[in-house]
1. When the residues of the range 65-109 are filtered to those that are among the aromatic types (Phe, Trp, Tyr) and farther than 14 Å from GLY15 by Cβ, which remaining residue is surrounded by the fewest Cβ atoms within 10 Å (Cβ to Cβ)?
2. When you scan the range 333-352, do you find a residue that is without any contact (Cβ under 8 Å) to a residue 24 or more places away in the chain, more than 22 Å from ALA206 (Cα to Cα) and among the charged types (D, E, K, R), even just one?
3. Report yes if LEU77 is touching a Ser or Thr at 6+ places or on another chain (Cβ under 9 Å), in a loop (DSSP other than H, G, I, E, B) and under 20 Å from ALA133 (Cα atoms), otherwise no.
4. So in the range 120-145, with the set limited to residues that are in contact with a helix residue (DSSP H, G or I) (Cβ under 9 Å, 6 or more places away or on another chain) and closer than 17 Å to PHE39 by Cβ, which one is surrounded by the most Cβ atoms within 10 Å (Cβ to Cβ)?
5. From the list VAL192, VAL225, VAL210, VAL205, pick out the single residue that is at negative phi and over 21 Å from the mean Cα position of the chain (by Cα).
6. Within the set of pairs 6+ apart or on separate chains, which have a first residue in the range 28-41 that is under 12 Å from ARG283 (Cα atoms), a second that is assigned to a helix (DSSP H, G or I) and basic (Lys, Arg), and C-beta atoms under 8 Å apart?
7. If you go through the range 36-64, how many residues are in a loop (DSSP other than H, G, I, E, B), surrounded by 23 or more Cβ atoms within 10 Å (Cβ to Cβ) and of a type in the set (S, T, N, Q)?
Amino acid sequence: MHHNRRRPLIIFFTGSGCPVMDVMHNRIAAEWGVDGTIFICPSWVARHEGLLSGPITHEEDGTIPTLDNIKLVKERLRPNLYFQVRYHRGLNTPEAALYARAVGADFGKINPIYGSLNAGTDPERLLVDAIYAMSQNVKGGFPFDMPSNDELSGIPTYKCLTGMLITLMLGKKLGARPIMKPLFCYSPYAMVNGQMDNNWIDYNVAKARVLRKIVHAPIWPGEPVGFFTHEDDRCQSATTTALHAGLCAALDTDLVTVASTDESYSRGPIVISSRVDSFNAIRTMLRFLGQASFQPTSRADEYENFLEDKIVDTLIAIKKRGSLIDSLYEGDLGTRDEGANPGRAGRGTVSVIE
């Protein structure tokens, strides 16, 4: 798949709803040369807490994160493939982090800012849970990434990147190893403000550049790349995924998360043929690109400078408010008009022990 480039590592979602089907998808994906898989849970588990148990399946997108399910998938994964467990946005965050550590996962996934503003979890509760999850990553010796999918709701890019950088520093203070995950997408903010009217390259390049300017950490675009560029036509969807993977290769990112061709619209189980669509297109794209690159226009520099200035302004506003939790409620990292909706699940469950 990689042709003559080793990076980015190609990571894909697993979450068919059935762990046995996930195992088969992973086996077939391995034959296509992918580098790793992400155990994806259904969205409803973010609203429920507690240690779920047993081998459980359901007919929806996402596999239920019980220890039995996660172990079944992990133990049957080829040893040369990376394994990640998602626990970044809900009340199940600490439990799933514990499971990931127990099975020997290679990566975790934590972003309390996104989970608070766009996944329905109370900001105060999720920050507490996220810190615990980070501690599990430290004890398990594996890093975590921070998906900035809050950008999909319309929140300005610079606020999403600021939230990711704050999460990164929280992790660093705990001794963790965070990985930056800018969302390479056609975001509503860019649709409204015109940053991507000409092309889909400049603005995504600016995201990667500004993060590299601010902090030295791995970059793993996702999640997955190409959000809002995909259509329900399989050829078109595979093409846009491959183009974004090619851009990641040109930027020499460390990893990239890719989708199947039916992932963005199916709202249900993912079929293996749709995964192969994407893998085949990515393989062709990386063969086409080789050691060549993409040439962004001068607008990429303008967007980079704009994002840097606005990130600084956002950090100053949060510092003046004096509380990250208050900033999440008051809109410093996204207002309701911009698409942020501070969650309610878990509200009132945090108490201070004297």
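1. First pass over the range 65-109, keeping only residues among the aromatic types (Phe, Trp, Tyr): 82-83, 87, 99, 107.
Imposing the further condition that a residue be farther than 14 Å from GLY15 by Cβ reduces the set to 82, 99, 107.
On the way: TYR82: 17, TYR99: 25, PHE107: 22.
Among those that are among the aromatic types (Phe, Trp, Tyr) and farther than 14 Å from GLY15 by Cβ, it is TYR82.
2. Within the range 333-352, one or more residues are without any contact (Cβ under 8 Å) to a residue 24 or more places away in the chain, more than 22 Å from ALA206 (Cα to Cα) and among the charged types (D, E, K, R).
3. On the way: touching a Ser or Thr at 6+ places or on another chain (Cβ under 9 Å): yes; in a loop (DSSP other than H, G, I, E, B): yes; under 20 Å from ALA133 (Cα atoms): no.
Against the criterion (touching a Ser or Thr at 6+ places or on another chain (Cβ under 9 Å), in a loop (DSSP other than H, G, I, E, B) and under 20 Å from ALA133 (Cα atoms)), LEU77 does not qualify.
4. Checking each candidate, the answer is PHE144.
5. On the way: VAL225 fails: over 21 Å from the mean Cα position of the chain (by Cα); VAL210 fails: over 21 Å from the mean Cα position of the chain (by Cα); VAL205 fails: over 21 Å from the mean Cα position of the chain (by Cα).
Step by step, each of VAL192, VAL225, VAL210, VAL205 is checked, and only VAL192 is at negative phi and over 21 Å from the mean Cα position of the chain (by Cα).
6. Once the first residue is under 12 Å from ARG283 (Cα atoms) and sits in the range 28-41, its partners that are assigned to a helix (DSSP H, G or I) and basic (Lys, Arg) give TRP32/ARG283; GLY33/ARG283.
7. The number of residues fulfilling the criteria is 1.
Let's see how each residue does on (1) of a type in the set (A, V, I, L, M, F, W, C); (2) closer than 16 Å to MET164 by Cα:
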{"residue": "GLU75", "(1), (2)": "no, no"}
{"residue": "VAL85", "(1), (2)": "yes, no"}
{"residue": "ARG89", "(1), (2)": "no, yes"}
{"residue": "THR93", "(1), (2)": "no, no"}
{"residue": "ALA96", "(1), (2)": "yes, no"}
{"residue": "PRO112", "(1), (2)": "no, yes"}
{"residue": "SER116", "(1), (2)": "no, yes"}
{"residue": "PRO123", "(1), (2)": "no, yes"}
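The values are calculated or read from the model by the stated rules, or taken from the named source; none is laboratory data. This is a predicted model, so every value here is computed, not measured. FYI the Cβ positions are ideal-geometry reconstructions off the backbone, even for glycines, and counts take in every protein chain you see.
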